[in-house]
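I have placed the structure first, in the form of structure tokens, so that the comments after it can refer back to it.
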Amino acid sequence: MTISSDPLLIQSAAYTEGAQRGARYLQGLSARSVQGEPVPPGLDQELPRQGMEPQQVLALMDQLGAGSTVATAAGRYFGYVIGGALPAASGARAMLAAWDQVADVLTGPSVLKMEEVALRWVVDLLGLPSQTAGAFTSGATMANLTLLITARDTLLARQGHPRGRGLIGAPRLRIVASAEIHATVLKSLRMAGLGSDDICFVPVNDQGQMQLDQLPPLDASTIVIAQVGNVCTGAADPIGALAARCQAAGAWLHVDGAFGLWMRAGNSDMAAACAGLEQADSWVGDAHKTLNVPYDSGIALCRHPAELRASMAIGADYLPATNPGPADHAPEFSRSARGAETWAALLSLGRDGLRDLLMRMHRNARRVATELTALGFEVPHDVHFNQVFATWPQDETQAAAVVARVQASGEAWFGAASWQGRAGFRISLSNWATTDSDIDRLIAAIKSARP
Ligand SMILES: *Cc1c(COP(=O)(O)O)cnc(C)c1O
């Protein structure tokens with residue numbers, strides 16, 4: 001590659017090329033098979049001796065990569081809980097790619113301010129205590145890790161075991177969690193040195209919600225992990241009642257609300273499902289699933305700012321930095337200013353737009369559940385938010401065949417799942433771009449794939 005007198009003009013041209021190719025990709029995505037083609041063998045090449053011009057690299061990337069993407073950005077993708085990307089957030093991502101800011105006051109003052117403002121908006125939208133401190137992480141897994149470490153350190157410090165001593169010789173902590181807690185929380189617990197073999201799992205009801213009368217005795221060495229947004233049913237645990245029990249015992253209540261925390265910003269009925277949310281000690285929410293910000297973006301929130309900083313502060317000891325920045329609130333040191341995309345997403349929606357988006361997801365999920373039932377499927381739960389689990393009651397083994405046929409049709413994409421011992425599939429209504437006609441096509445595809 002030759003360098004001209006202003007190298008950034010070369011970058012600008014490549015940037016435009018990438019953006020134009022991305023724009024053309026989006027223009028064709030609604031008409032394409034959701035599943036995408038097999039990955040072309042041409043991608044598996046040795047690194048050449050001679051480099052290529054940026055434009056050539058981008059053309060090759062587009063040619064070899066675009067057709068084999070899964071169309072998660074499009075409205076007919078209903079797998080896992082993925083979400084798309086709101087236009088403002090997607091455009092912000094593109095602009096941020098050119099800015100290339102590192103989230104810190106010295107390397108990205110304006111984007112850092114956007115992150116601060118976005119966190120304040122989120123705290124306000126969720127009705128959390130005003131002192132709540134937070135951080136943007138790469139996802140909910142890292143946000144859970146951040147807060148479980150904070151919970152661990154705080155409970156140990158309260159028992160006279162300071163942070164600087166780590167886990168060596170530390171008193172024992174207890175973990176109490178919903179039996180249907182997300183698999184990644186178990187990983188976060190292991191990464192936090194708390195293990196995942198000794199969890200006291202609390203049985204759930206037929207909606208996947210923790211049963212209060214099954215809660216073991218709690219004490220000041222207990223971390224209780226509840227969830228708002230069960231991945232199969234969308235249901236929320238009884239947070240208010242759990243918080244009261246935790247407070248009385250001196251236990252820490254952590255809420256994994258990866259995609260469901262936003263329910264609190266829905267209409268009053270939806271918000272009521274997470275009544276008492278503000279009484280928990282820490283919360284996790286996504287930006288990349290329900291909020292439809294591009295990947296990777298999660299949010300960690302803690303009602304005890306000093307404790308979060310004491311656990312995450314950079315430095316030789318555990319004392320909070322005098323001038324804490326984002327790197328003193330989360331595991332990462334250098335990172336992109338991803339929170340600016342959440343700022344853009346929220347600004348484009350406004351309060352009303354966010355509520356409307358959440359209610360549309362809920363309406364779409366209710367419609368899908370009703371139509372599935374009419375087609376002879378069974379939806380064995382209430383539709384709490386945006387998730388629908390269904391099975392073919394005459395013969396549950398048929399559910400996987402339905403999934404395979406729909407995926408192969410290219411009309412829609414969702415995955416097989418099992419829940420409470422039943423084999424079925426799960427449909428997530430979490431993409432801002434899903435239209436009524438996308439759901440018509442989903443239902444038509446399921447109808448022709450029916451056993
Ligand atoms: C997706 C999810 C996670 C993990 O979040 P990532 O952003 O993928 O790291 C944790 N908990 C729940 C309930 C989830 O849905």
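The values are calculated or read from the model by the stated rules, or taken from the named source; none is laboratory data. As the structure is a prediction and not an experimental result, all values here were calculated from the model. We place every Cβ from the backbone using ideal geometry, glycine too, and count neighbours over all the protein chains shown. Just so you know, the surface numbers come from the protein's heavy atoms only, side chains and all, with ligands and any DNA or RNA stripped out. Shrake-Rupley method; radii C 1.70, N 1.55, O 1.52, S 1.80 Å.
The residues of region 181-198 that are aliphatic (A, V, I, L, M) and either open to solvent by 50 Å² or more (accessible area, probe 1.4 Å) or assigned to a helix (DSSP H, G or I) (or both), listed by number, are ALA183, VAL185, LEU186, LEU189, MET191.
On the given criteria, is LEU277 within 11 Å of the ligand (Cβ to nearest atom) and either crowded, with 23+ Cβ neighbours inside 10 Å or at pLDDT 95 or above (or both)? When the stated conditions are applied, LEU277 does not pass them. Taken over region 221-235, residues that are more than 11 Å from the ligand (Cβ to nearest atom) and open to solvent by 10 Å² or more (accessible area, probe 1.4 Å) amount to 1. No other residue among VAL81, VAL111 is open to solvent by less than 30 Å² (accessible area, probe 1.4 Å), in contact (Cβ under 8 Å) with a residue 24 or more places away in the chain and part of a helix (DSSP H, G or I) apart from VAL111. In region 114-140, the qualifying residues are those that are open to solvent by 60 Å² or more (accessible area, probe 1.4 Å) and not acidic (Asp, Glu), and the one that is nearest to the ligand (Cβ to nearest atom) is TRP121. Screening PRO54 against (1) modelled with pLDDT under 95; (2) surrounded by 12 or more Cβ atoms within 10 Å (Cβ to Cβ) leaves a single unmet condition, (1).
If only residues of region 63-78 that are in a loop (DSSP other than H, G, I, E, B) and surrounded by fewer than 18 Cβ atoms within 10 Å (Cβ to Cβ) are counted, the one that is farthest from the chain's Cα centre (by Cα) is THR69. Looking only at residues in region 386-410 that are touching a strand residue (DSSP E or B) at 6+ places or on another chain (Cβ under 8 Å) and in a loop (DSSP other than H, G, I, E, B), which one is farthest from GLY229 (Cα to Cα)? In this case the residue turns out to be THR397. Determine which member of the set ALA89, ALA19 is touching a residue at least 60 places away in the same chain (Cβ under 8 Å), in contact with a helix residue (DSSP H, G or I) (Cβ under 6 Å, 6 or more places away or on another chain) and closer than 30 Å to ARG367 by Cβ. None of the other options fit; the residue is ALA89. Can LEU319 be described as at pLDDT 95 or above and either closer than 30 Å to LEU167 by Cβ or not hydroxyl-bearing (Ser, Thr, Tyr) (or both)? No. Among all residues of region 163-175, there is none that is aliphatic (A, V, I, L, M), assigned to a strand (DSSP E or B) and closer than 29 Å to THR342 by Cα. Could you tell me whether ARG245 is more than 12 Å from the ligand (Cβ to nearest atom), crowded, with 24+ Cβ neighbours inside 10 Å and either over 14 Å from GLN279 (Cα atoms) or of a type in the set (D, E, K, R) (or both)? Against the criterion (more than 12 Å from the ligand (Cβ to nearest atom), crowded, with 24+ Cβ neighbours inside 10 Å and either over 14 Å from GLN279 (Cα atoms) or of a type in the set (D, E, K, R) (or both)), ARG245 does not qualify. Within region 79-111, the set of residues being under 17 Å from the mean Cα position of the chain (by Cα), small (Gly, Ala, Ser) and either within 16 Å of the ligand (Cβ to nearest atom) or more than 30 Å from ASP438 (Cα to Cα) (or both) comprises GLY79, GLY83, GLY84, ALA85, ALA89. Checking ALA300, ALA313 one by one, the residue that is aliphatic (A, V, I, L, M) and modelled with pLDDT of 95 or more is ALA300 and no other. Here is a check on your reading of the model: is ALA416 on the phi < 0 side of the Ramachandran plot, in contact with a helix residue (DSSP H, G or I) (Cβ under 6 Å, 6 or more places away or on another chain), crowded, with 22+ Cβ neighbours inside 10 Å and part of a strand (DSSP E or B)? No: the conditions fail for ALA416. Of the strands (runs of 3 or more DSSP E) lying entirely inside region 199-293, those containing at least 1 residues that are without any contact (Cβ under 8 Å) to a residue 40 or more places away in the chain span 200-202, 252-257.
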